[in-house]
Amino acid sequence: MGSVIGYIGDKQAQPILLNCLAKLEYRGCDSCGIAVLGGSIELYKDAVRVKELAKVAPQLGGTMGIGHTRLATHGEPSQVNAHPHLDCHGTIAVVHNGIINNFRELKRQLISEGHNFVSETDTEVIPHLIEKYYRGNLEEAVEAAVRDVEGSYAIVVLRAGEPRLVAARKDSPLIIGIGDRENFIASDVPAILDYTDRVIYLEDGDVGVVTPDSIKIRRDGIEVDREEHKILWSVEEAQKAGYEHFMLKEIHEQPKVIRDTLGEYTQVTEPVVDLAVMRDRGLESMLMLACGTSYHAALIGKYIVEELLRTPVRVEIASEFSYYGQPLAGTAAIVITQSGETADALKAIKRLKGVECRVVAITNVVGSTASRIADQTIYTRAGPEISVAATKSFTAQLMVLYWLAMSYSKADARRLASLLMGLRQLPSKVQQVLDSEDIILECAKYLSRYEDVFFIGRGISFPVALEGALKLKETSYIHAEGYAAGELKHGPFALLGGDTPVIAIVARDNTYEAMLTDIKEVKARGSPVMALAEEGDEAIGELADLVITVPRVDAMFSPVVNVVALQLLAYYTAKQRGCPIDSPRNLAKSVTVE
Ligand code: F6R
């Protein structure tokens, strides 16, 4: 797993490749490498991050080349396992993102035919397959090679003596960036935004043949047209804009993200077609599928939809559903995925399509695989999310869910009008949370001393507790668990004590009194309590050791203000502990393998 890049043009390839790779590190990187074609292929790779590689790499002269950041799947992070990989004669170099499921059989076969392998990776079979099939035409050899491959791939191929790059994709994202007397190939748009805003999205099964001034896309050997898209994100938008980390920048973008996402949809008078069809059929139930933070958005969606539509919602972890889930007839399926490339979410969509369920994808990435294989896509307008920890994309997902539920709501007109007003006020409410950063920073300093933390909530605040725990553990490496507050006494009480703080998320809804009791029980067992509570809540002020105050909102919107506060808490705790906030260890932004 990782990212690929390719450059061909009239400039020296090495600095461009390294610059593009640095922009792709957010997708996960434990090793990286480049290959440049001068007279022959020259290659440099190691188990280091891009910055270190750039410092030590020798000058590789040439105006075309390929590069890779790797997050290990087959074989440990090491120099020999890093990409690019070569054929037997060092004349074909390949970078690959994805997983080749049948690489063991292919490798066995190739070895029996005399090919020598040096790495433990699945990728290495590709240059050898291309070598095997090469008869003087590189694209034909690539097409033949990928026909043998089962699994997912985005590859870029460089061959000595060939003035072009060849790229191919299946179930792994790949774009071509169009420049002036130069062209680019990349796993994702931010990689190339320094050079161009014109891109072509390759589709599964496409093979791209790229020279400095031409781009040809083939499918099954026949040339096809692919639309050119203009990227509206500025380079600056994909950068940190003065913030120390992308995560902090992205947290602060949330008032705008709420406005942008709601602005997109509240002006739409037509309802979402598929859901309208399903509503006319009676909309008996709804299924939501997602992973990680998107799963937590789906869990909150359940509370929203069940209250406003009075329709039962089943929420499933996509990786579980792909194996065991039984979609029911009459079910509307919504798959939520920021990247639109999460392998588990895509597999779930394929399972749903297999039983002819209609699928609506909620995704942030235009042109992503989810958007192409779902029947309909609703885009969140969060802009590029670079930090591995999802923040603004989560809020944008909630906005879509609020809007959907309110569009089809069975609530009375007064309740709806009040909710609509609450929704419009959310950007300023979130801004209020962002303005209370100082208090959250103090709480983070306190929290950073501990190694185990519980987050508790009831009702709509239970998924908030799950999300708070996920954010804290992935950024600060503190062991954190999210629990339904009522469940603590069924086992986790055994872990409470002075070394284990409990963070209580307290919404002003019908769970309020029970939460007060939960806090008292936790305190009686010696755990320090930090509470997230509405402004003016004196009872909590008296009970908890530390309080983060959030603005008053309708309880249905409380996850938005509470999660933003918990994102800041996780960020500042991680910063206090000196963690690499934007790219935590062992994690990738886009989990493109199962
Ligand atoms: C956590 C996080 C992950 C993602 C998960 C799903 O901060 O970012 O848990 O939410 O990998 O990713 P998407 O939404 O792209 O399918």
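The values are calculated or read from the model by the stated rules, or taken from the named source; none is laboratory data. Just so we're clear, the structure is a prediction, and the values are computed from it rather than from any experiment. Neighbour counts are summed over all protein chains in view; Cβ atoms, including those assigned to glycine, are modelled from backbone coordinates with ideal geometry. For the accessible areas, the whole protein counts, side chains as well, though only heavy atoms, and no ligand, DNA or RNA atoms are used. Shrake-Rupley method; radii C 1.70, N 1.55, O 1.52, S 1.80 Å.
Pairs over the 30 Å Cα-Cα cut-off, from the set 107/473; 350/392; 302/589; 216/256; 392/489: 107/473; 216/256; 392/489. Please state the shape class of the stretch 1-142: rounded when a/c is under 1.5, otherwise prolate if a/b exceeds b/c and oblate if not, all from the C-alpha gyration tensor. It comes out oblate by the Cα gyration axes.
Take every pair of alpha-carbon atoms less than 8 Å apart whose residues are at least six positions apart; their mean separation over the length of the chain yields a relative contact order of 11 percent. The trypsin sites (Lys or Arg not before Pro) found in the stretch 433-491 that occupy coil by DSSP, while having at most 16 further C-beta atoms within 10 Å, are 449. Based on protein heavy atoms only, the chain ends up with 38 Å² per residue of surface accessible to a 1.4 Å probe.
Helical runs (DSSP H, four residues minimum) scored at -39500 (n - 2.57) apiece and divided by the length of the chain put the mean residue ellipticity at 222 nm at -11500 deg cm²/dmol.
Charges were assigned to the Cβ only: +1 to each Lys and Arg, -1 to each Asp and Glu. The resulting dipole of the stretch 332-380 about its Cα centre is roughly 120 debye. If R0 is 56 Å, the Cβ-Cβ spacing of residue 76 and residue 524 corresponds to a FRET efficiency of close to 0.70. Split the accessible area of the chain by element, probe 1.4 Å, and carbon with sulfur accounts for 49%. Please say if the stretch 497-577 is rounded, prolate or oblate, where rounded means a/c under 1.5 for a ≥ b ≥ c the square roots of the C-alpha gyration tensor eigenvalues, and otherwise the choice is prolate for a/b larger than b/c and oblate otherwise? Verdict is oblate for the stretch 497-577. Kirkwood radius and radius of gyration were both taken over the C-alpha atoms of the chain, and their ratio Rg/Rh is 1.00. Summing Cβ point charges (Lys, Arg +1; Asp, Glu -1) relative to the Cα centre of the stretch 356-465 gives a dipole of roughly 480 debye. Beta bridges assigned by DSSP with both partners in the chain are antiparallel in approximately 60 percent of cases.
Net charge of the neighbourhood of residue 228, taken over other residues with C-beta under 13 Å away and scored Lys/Arg +1, Asp/Glu -1, is 0. Once you reduce the stretch 8-38 and the stretch 468-487 to the center of their Cα atoms, the two points are 36 Å from each other. Ranking 50, 201, 374 by Cα position along the charge dipole of the chain, where only Lys, Arg, Asp and Glu carry charges on their C-beta atoms, puts 374 farthest toward the positive end. List the relative contact order of the stretch 184-256 as a percent without decimals, with contacts defined as Cα pairs under 8 Å and 6+ residues apart. Once normalised by length, the contact order is 26 percent.
Does the stretch 170-227 classify as rounded, prolate or oblate by the C-alpha gyration tensor (a ≥ b ≥ c root eigenvalues; a/c under 1.5 gives rounded; else a/b over b/c gives prolate, otherwise oblate)? Oblate shape, in that a/c is at least 1.5 and b/c is the bigger or equal ratio.
Annotation for the stretch 69-160: GluC sites (Glu not before Pro) lying in DSSP loop with at most 16 further Cβ atoms inside 10 Å of their Cβ are 113, 120, 150. For residue 482, the residues whose amide H sits under 5 Å from its own are 455, ignoring neighbours fewer than 5 places away on the same chain, with H placed 1.01 Å from N. Considering only 31, 491, 501, and ranking their Cα positions along the charge dipole of the chain that arises from unit charges at the beta-carbon of Lys, Arg, Asp and Glu, the one farthest toward the positive end is 491. With the cut-off at under 19 Å, measuring from each backbone N in the stretch 150-185 to a point 7 Å along the Cα-to-Cβ line of residue 113 picks out 150-151, 157-160.
Scanning residues 5 or more positions from residue 550 or on other chains, those with amide H under 5 Å from its amide H are 533, 534, 535, with H placed 1.01 Å from N in the peptide plane.
Listed values for the stretch 81-90 are Karplus-derived 3J(HN,Hα) couplings in whole Hz (6.51 cos²θ - 1.76 cosθ + 1.60, θ = phi - 60°), namely 7, 5, 8, x, 10, 10, 7, 4, 9, x, and x replaces Gly and Pro.
Counting charges near residue 205 (Lys, Arg +1; Asp, Glu -1) among other residues having Cβ under 13 Å from its Cβ returns a value of +1. Think of the stretch 302-347 as having a plus end and a minus end, set by charges on the Cβ of Lys, Arg, Asp and Glu; of 334, 305, 321, 305 sits farthest toward the positive end of this dipole. Computed about the Cα centre, the dipole magnitude for the stretch 420-577 is approximately 280 debye when only Lys and Arg (+1) and Asp and Glu (-1) carry charge, each at its Cβ. Between the amide H of residue 287 and those of 314, 332, 333, 334, distances stay under 5 Å, these residues lying 5 or more places away or on another chain, with hydrogens modeled in the peptide plane. Here the label points at residue 513 and residue 285, each 7 Å from Cα along the C-beta direction, are separated by 3.3 nm in the simple model. Summing charges over neighbours of residue 181, with a neighbour being any other residue whose Cβ is under 15 Å away from its Cβ, gives -1 when K and R count +1 and D and E count -1. Compared with the alpha-carbon gap, the fully stretched path from residue 323 to residue 452 is longer by 43.2 nm at 0.36 nm per residue.
At an R0 of 45 angstrom, the distance between the Cβ atoms of residue 194 and residue 372 translates into a FRET efficiency of 0.95. Give the angle, between 0 and 90 degrees and rounded to the nearest 10, that separates the Cα long axis of helix 558-576 from the longest principal axis of the Cα atoms of the chain. Value to nearest ten degrees: 60. Using R0 = 60 Å, the C-beta based FRET efficiency linking residue 214 and residue 418 works out to 0.55. Taking the centroid of alpha carbons for each part, the stretch 178-257 and the stretch 71-108 are 25 Å apart. The GluC sites (Glu not before Pro) of the stretch 380-452 that meet both conditions, a loop assignment by DSSP and at most 14 other Cβ atoms within 10 Å of the site Cβ, are 451.
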